[in-house]
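To start, the structure under review is shown below, and the notes come after it.
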Amino acid sequence: MSPALWPAPGASPTDLELVERYKATRDPVHLGTLFERYTHLALGLRLRYLRNREDAEDAVMEVYERLTKALLEHRGGAAREHRVEQLT
């Protein structure tokens, strides 16, 4: 295992580390951590535009589904980070 992907126990992985872990293992737990970190922001943004909680929740789930697929298809460092920002 690469030390960059697997920091010391108790250390909180960065977003990029979680993305790399997901790409390496395809374990959805890593994306789940990102989902927990950012859902409130994504939901707040969608609520602002859609003004309906159910529609906003559906839109956020759609973004995460697209993100999951895009992460597995895309390669590259900084460009990938930019792509993640675009999808959210």
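Each reported figure results from applying straightforward, stated rules to the coordinates on display, with no laboratory input. Quick caveat, the model's predicted, so the values are computed rather than measured. Cβ placement follows ideal geometry from the backbone for every residue including glycine, while neighbour counts extend to all protein chains displayed.
Using the count of nearby Cβ atoms within 10 Å as a rough guide to exposure, how do VAL60, VAL29 rank from fewest to most?
Values: VAL60 22, VAL29 10.
Ranking VAL60, VAL29 by Cβ neighbours within 10 Å, fewest first, gives VAL29, VAL60.
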task = Would you please report the Å³ per residue occupied by the convex hull of the alpha carbon atoms in segment 15-54?
result = 74
